[in-house]
1. Take the conditions within 17 Å of Cys90 (Cβ to Cβ), among the acidic types (Asp, Glu) and without any contact (Cβ under 8 Å) to a residue 40 or more places away in the chain and apply them to Asp163. Does it pass?
2. Looking at Ser141, Ser123, which one is surrounded by 15 or more Cβ atoms within 10 Å (Cβ to Cβ) and out of contact with any strand residue (DSSP E or B) (no Cβ under 8 Å at 6 or more places or on another chain)?
3. Tell me which residues, restricted to segment 6-53, are of a type in the set (Asp, Glu) and part of a helix (DSSP H, G or I).
4. Do the conditions hold for Ser65, that is, is it in contact with a helix residue (DSSP H, G or I) (Cβ under 8 Å, 6 or more places away or on another chain) and at pLDDT below 90?
5. Check Arg51 against each of (1) of a type in the set (D, E, K, R); (2) under 15 Å from the mean Cα position of the chain (by Cα); (3) open to solvent by less than 50 Å² (accessible area, probe 1.4 Å) and name the one condition it does not meet.
6. Residue pairs, Cβ under 7 Å, 6 or more apart or interchain, first in segment 128-150 and farther than 17 Å from Lys111 by Cβ and touching a residue at least 24 places away in the same chain (Cβ under 8 Å), second assigned to a helix (DSSP H, G or I) and open to solvent by 30 Å² or more (accessible area, probe 1.4 Å). List them.
7. Considering only residues of segment 68-94 that are surrounded by fewer than 16 Cβ atoms within 10 Å (Cβ to Cβ) and modelled with pLDDT of 85 or more, which is nearest to Tyr40 (Cα to Cα)?
8. Against the conditions (1) of a type outside the set (Asp, Glu); (2) under 21 Å from Leu102 (Cβ atoms); (3) open to solvent by less than 60 Å² (accessible area, probe 1.4 Å), where does Thr148 fall short? Just the number, please.
Amino acid sequence: MAGILEEGINLYKRRDYTGALSYFLSLDEDSVYDTSELSYYLGLCYAKLHRDEDAMLYLEQIVTSQGSNDGGAESERVLQCRYLLAVIYCRTGRSQLADFELEKLLESGYKPAAVYASCAYLSWEQGDVDKCVDYYEKSLSLDENNPTALNGLGYVLASESRDLTRALSLCKKALSLAPESPACLDSIGWVYYRMGLYSQARKYLEQAYKKDSGNEVIKNHLHEAELVEE
């Protein structure tokens with residue numbers, strides 16, 4: 001059975017998510033394969049391609065069908081799916097569902113630095129700045145090189161005009177760890193904007209926009225920077 005899915009799994013491992021998805025979807029329904037394995041990889045492919053609604057369909061299947069119902073430990077695969085669901089729920093505004101999955105993950109001890117960073121993002125979306133900062137600090141106390149937490153905390157500090165010097169330091173470190181990230185480029189540009197260094201701000205914001213021109217936050221930041229003359 002594993003042989004039938006192997007080609008698609010290898011495509012996924014090579015990060016050819018579109019190719020892997022096409023392969024999995026092309027499988028004949030009469031073929032013999034592990035349906036839960038297929039659902040797992042379909043969920044992963046859709047998640048990687050940011051097709052959130054499709055990803056949720058399959059990831060929720062894994063959590064529902066394979067999650068522990070007797071108080072026992074959940075498998076690494078189920079925890080991974082819970083984490084992906086939490087990220088997708090955050091991204092799509094399903095805050096209560098995201099909160100539920102994140103609490104489950106914290107109870108399990110699964111990747112706490114990453115989970116705390118996701119909790120921070122959810123708190124920011126809900127307008128609770130103090131809780132957001134606290135969660136990012138917890139994430140960094142567990143992993144001082146977590147680019148998501150570094151970038152997130154730097155962005156929040158800048159947006160709230162709290163310690164711009166530290167915000168710049170955090171965002172610079174995040175960018176050094178993820179130099180191609182539009183989010184990191186946007187954040188450091190936003191810090192420079194808040195510091196009044198508009199030429200530097202535009203430089204980074206333009207780079208971020210080139211990499212992710214469809215992002216409304218980046219677009220708005222760049223527009224604000226372009227309106228200001230030093």
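The values are calculated or read from the model by the stated rules, or taken from the named source; none is laboratory data. Every value quoted in this text rests on a predicted model; they were computed, and no experiment measured them. Glycine gets a Cβ as well: all are built from the backbone with ideal geometry, and neighbour counts include every protein chain shown. Just so you know, the surface numbers come from the protein's heavy atoms only, side chains and all, with ligands and any DNA or RNA stripped out. Shrake-Rupley method; radii C 1.70, N 1.55, O 1.52, S 1.80 Å.
1. Numbers: within 17 Å of Cys90 (Cβ to Cβ): no; among the acidic types (Asp, Glu): yes; without any contact (Cβ under 8 Å) to a residue 40 or more places away in the chain: yes.
Here the answer is no, as Asp163 does not meet what is asked.
2. Details: Ser141 fails: surrounded by 15 or more Cβ atoms within 10 Å (Cβ to Cβ).
On inspection, the qualifying residue turns out to be Ser123.
3. Pass one, segment 6-53, residues of a type in the set (Asp, Glu): 6-7, 16, 28-30, 34, 37, 52-53.
Glu6, Glu7, Glu37, Asp52, Glu53, listed by residue number.
4. Values: in contact with a helix residue (DSSP H, G or I) (Cβ under 8 Å, 6 or more places away or on another chain): yes; at pLDDT below 90: yes.
Answer is yes for this residue.
5. Unmet condition: (3).
6. Cys132/Trp124
7. Our first condition is that a residue be surrounded by fewer than 16 Cβ atoms within 10 Å (Cβ to Cβ); within segment 68-94, this holds for 68-73, 75-77, 91-93.
In the following step, the residues that additionally are modelled with pLDDT of 85 or more were identified as 75-77, 92.
Working: Ser75: 13, Glu76: 12, Arg77: 8, Thr92: 21 Å.
Only one residue tops the list, namely Arg77.
8. If we test Thr148 against (1) of a type outside the set (Asp, Glu); (2) under 21 Å from Leu102 (Cβ atoms); (3) open to solvent by less than 60 Å² (accessible area, probe 1.4 Å), just (3) comes out false.
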